[in-house]
Amino acid sequence: MHVPRPARRRSRGVWAVVSLSAAAALLMSPPSAAAEDSARTGGGSPKVDAALARALEDGGEAAFFVVLDGGEADLAGARGRKAHGAKAEAAYDALREHARQNQRSLVSFLDKEKVGHQDFWIADVVRVEGDAELAAKLAARSDVARLVKERRYALDEVEQQGGTVAAAATPQWGVADIKADQVWEQYENRGEGIVIANIDSGVQFDHPDLVANYRGNKGDGRFEHDYNWFDPTGQCPTAGVPCDNNGHGTHTMGTMAGANGYGVAPGATWIAAKGCEARECSDASLLAAGQWILAPTDRNGQNPRPDLAPHIVNNSWAGGNTTFYQDIVEAWNAAGIFEVFAAGNAGDGTTCSTAEAPGAQAPSYGVGAYDSNGAIASFSGFGPSKVDGSMKPNISAPGVDVRSTWPGSTYRASSGTSMAAPHVSGAAALLWSAAPSLIGDIDATRALLNQGAHDVDDTHCGGTAAANNVWGEGRLDILASVDKAPHTAATVSGRVTDKATGAALPGITVKAVNGASGTRTVTTGADGTYRVPLAPGTYDFTLGGYGYATRTVEGVELTTGQPLVQDLALDPVARHAVTGTVLDVTGKPLAGAAVEVTGTPVAKVRTAGDGTFTLPEVAEGGYTLTVTPAAPVLCNGVARTELTVDGAEARTVRLPARADRFGNSCAPAAYAWIKGTGTVALSGDEDAKTVQLPFPVSLYGVEYTSASVTTNGLVNFLEPRLGDYANTALPAAEKPNGIVAPYWDDLTLDRKSSVQTATTGQPGARKFAVVWNNAVVVASGARVSFEAVFDEASGGFTFQYQSVPGAGSGATVGIEDQAGSDALLYSFDQAVLGNGSAVRIAQGAK
């Protein structure tokens, strides 16, 4: 009997009411004696942690991390830099090079073993999936320190308070309690020029109290999410667009940077990484998010820009007694990124050593929680740390009944150390904005936050009245910390207007550049005003915005404590029409393609039936013209070409072949069916057989001499894979991985069906075909005939379709890498395949 087919698409997660914290995984710490004994008892190596040893018993498989034993990256060069961007770039370069060198031998071994892997650089680890045999081989390697099971941890729901509440215009109790509002008044500082981030469940980017200072907000109704948002979890319904399928991340961001009294630093700019899938956070997502914080990327995870790293990152998640994030924290600190962690909600008001990692790690700045009456929260984690004996928390902040922003453009009151941590992150933004000489100086920043805190005498878990394991250094007071900071800044402010009309210009970017201090960036508000505190020195100011000529003011001398008012007017520029024609990858006119002038408020247009378009008014200047094909995308890539407008412009844009990150690309091909000659002994439902290849075939840079052919239209290069009848979009981390999918669907073979192979041509120019003849589509009973052809000369693949019911509306067509992290997807559940058609995939050489 056929097993009922499960939901075809992978879960996107569900909405949940939560308050706190994902727990971390045991990754970077040496295994305990108990773990070693457990591993030995299970017959494994002492390098294998106990959880992994249990998972691999009795033929089990698991995802786990291979922790390399090759020392640490040399981050001294990063620590020695002063400018924020330079520190981040130096740290990124050192970490990437160390991981590349140290992981080279392991990666080569995994490729030879046909093991998919996901490689990380911010911590020297590689994620794999396998069984006890693989673990034994890896543990025997001299370059492997530990093997640690990947874990996923639920977000804690215990401390949630209340439902949605109305908006408010006065500072929330926590904002007032730490005297952030007094910093606003006395120092006229709200965090301007500082970029703050969170690793959490996501953020509703267009929430009314968050949208204005989202870095991706272009100020004219447009949003650019590249480098400002990252979703390694793949849970957001629209790829590349921020979401929060939980609420937790929107809440913590509101406490850091929300408007109307919700945020501690409402003048700061924010970005976000979704390190938690929905109700839980996985090791892989947290690691990927940690990397992105140091080197933000575009929406495809490409073209990293460490110069766009945030100044501060909030982590409102905690759990266990591990040192999982220690390497990541130390990398951030070397890059000058100030990190804040929740101390965890495992407390009971009395018991000591309940603080949870990563906030319980010595390198992390961990935060406890107190209520509006000044009492420590019953759930707040206490020290000393079980991880390393250090004093925890480092400091305490408001964390009970904290009202903040919530998805759906609403508000909610929540409790937890998750709510306390963002008060400290926002406070650090105020401190760095008011005293820019502190930017990147992690030790001095911690010292000032500690010195400003109010002591609370509770030594029942050890410590002193001034610093103990219940309150840390005491209750956060950001006004006192700012008072004690070095007041060397010179504040530059002004108003930007249209030179022709005198009208205020909102959304104008103001960049202040100094060789030693780096670049500080702010944007003008609705009234055209800007304000940025800067360290003394000589600066070049560059102002720019759509429709206006860029203006640079060079050599502006700023003196300690001396404010400068700099009102500036910008010249408007002329506007012209941009017209043209869009051609698809084959050179034919393409209808319905979106044409836009990237980074401008010019309305996007769609090409007509003959591929033509008109953008009636585009301001003079240099831009990128972006053309995006409409669904179904098929083999049409996105075209991005330089556009200089200095008069009427006419362009013909031919779309490139769509490609994955590895560089594989596809294009329509001439149909030339190869008839099968040899039989593959497949029959019935859910069957697979391994075939020998007549020549080596490469997939994502790894060569294979054999592959598994399945009844469900797959060539699987990693393993004979059964139970793959539920096809999905690609890529996806879940198995099967390392696949070529000419027609992946729930298929079965009866007496009229067969799977064959054929080899044609001479050595050096052979073609090898795997042919599915008259396979039955389980959902409809219709029959399909198709084949995958491997080309020895070019290394490419060709998918050919002799007879396709429903135009392939239920199938997945494409290829996927061995880790399920990269893929070239031609179609998924789309009616785009025709009888007598062919698609060719050319392999990249990354």
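The values are calculated or read from the model by the stated rules, or taken from the named source; none is laboratory data. Everything quoted here is computed from the prediction, not taken from an experiment. Don't worry about glycine lacking a Cβ; one is built from the backbone with ideal geometry, like all the others, and counts go over all protein chains shown.
Going through 377, 421, 360, 397 one at a time, which residue ends up being more than 30 Å from residue 86 (Cα to Cα), buried (at least 22 other Cβ atoms within 10 Å of the Cβ), of a type in the set (A, V, I, L, M, F, W, C) and out of contact with any helix residue (DSSP H, G or I) (no Cβ under 6 Å at 6 or more places or on another chain)? Spell out how you get there, then give the answer.
On the way: 421 fails: more than 30 Å from residue 86 (Cα to Cα); 360 fails: more than 30 Å from residue 86 (Cα to Cα); 397 fails: out of contact with any helix residue (DSSP H, G or I) (no Cβ under 6 Å at 6 or more places or on another chain).
Just a single option satisfies the conditions, and that option is 377.
Condition check ((1) under 16 Å from residue 664 (Cα atoms); (2) touching a strand residue (DSSP E or B) at 6+ places or on another chain (Cβ under 8 Å); (3) crowded, with 20+ Cβ neighbours inside 10 Å) across all residues:
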| residue | (1), (2), (3) |
| --- | --- |
| 808 | no, yes, yes |
| 836 | no, yes, no |
| 839 | yes, yes, yes |
| 843 | yes, yes, yes |
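Selection over region 360-376 of residues that are part of a loop (DSSP other than H, G, I, E, B) and touching a residue at least 60 places away in the same chain (Cβ under 8 Å) gives a count of 3.
Condition test on residue 751, is it within 16 Å of residue 686 (Cα to Cα) and surrounded by fewer than 19 Cβ atoms within 10 Å (Cβ to Cβ)? Yes: the conditions hold for residue 751.
Criterion applied to 719, 703 was being at pLDDT below 95 and in a strand (DSSP E or B), and the one residue passing it is 703. The number of residues in region 514-570 that are within 12 Å of residue 490 (Cα to Cα) and aromatic (Phe, Trp, Tyr) comes to 1. If I filter region 110-124 for residues that are in contact with a Phe, Trp or Tyr (Cβ under 9 Å, 6 or more places away or on another chain), without any contact (Cβ under 8 Å) to a residue 40 or more places away in the chain and not in a strand (DSSP E or B), do I get at least one hit? No: region 110-124 contains no residue that is in contact with a Phe, Trp or Tyr (Cβ under 9 Å, 6 or more places away or on another chain), without any contact (Cβ under 8 Å) to a residue 40 or more places away in the chain and not in a strand (DSSP E or B).
As a summary of the residue check, residue 484 satisfies the conditions (1) touching a strand residue (DSSP E or B) at 6+ places or on another chain (Cβ under 8 Å); (2) modelled with pLDDT of 95 or more; (3) of a type in the set (Lys, Arg) except for the one numbered (1).
For the residues 789, 813, 771, 832, the requirement of being buried (at least 18 other Cβ atoms within 10 Å of the Cβ), among the aliphatic types (A, V, I, L, M) and more than 38 Å from the chain's Cα centre (by Cα) singles out 771. Among the residues of region 320-336, at least one is among the aliphatic types (A, V, I, L, M), in contact with a His (Cβ under 9 Å, 6 or more places away or on another chain) and either assigned by TED's automatic domain parsing to the domain that holds residue 284 or crowded, with 24+ Cβ neighbours inside 10 Å (or both).
Residues in region 380-402 that are at pLDDT 95 or above and of a type in the set (A, V, I, L, M, F, W, C) were compared, and the one that is farthest from residue 461 (Cα to Cα) is 402. Inside region 393-430, can you point out the residues that are closer than 24 Å to residue 182 by Cβ and in a strand (DSSP E or B)? Passing the criteria: 395, 396, 397, 398, 402, 403, 404, 405, 411, 413. The strands (runs of 3 or more DSSP E) falling completely within region 243-326 include none with 2 or more residues that are more than 23 Å from residue 819 (Cα to Cα) and out of contact with any strand residue (DSSP E or B) (no Cβ under 6 Å at 6 or more places or on another chain). Restricting attention to region 79-90 and to residues that are in a helix (DSSP H, G or I) and in contact with a Gly (Cβ under 8 Å, 6 or more places away or on another chain), the residue that is surrounded by the fewest Cβ atoms within 10 Å (Cβ to Cβ) turns out to be 85.
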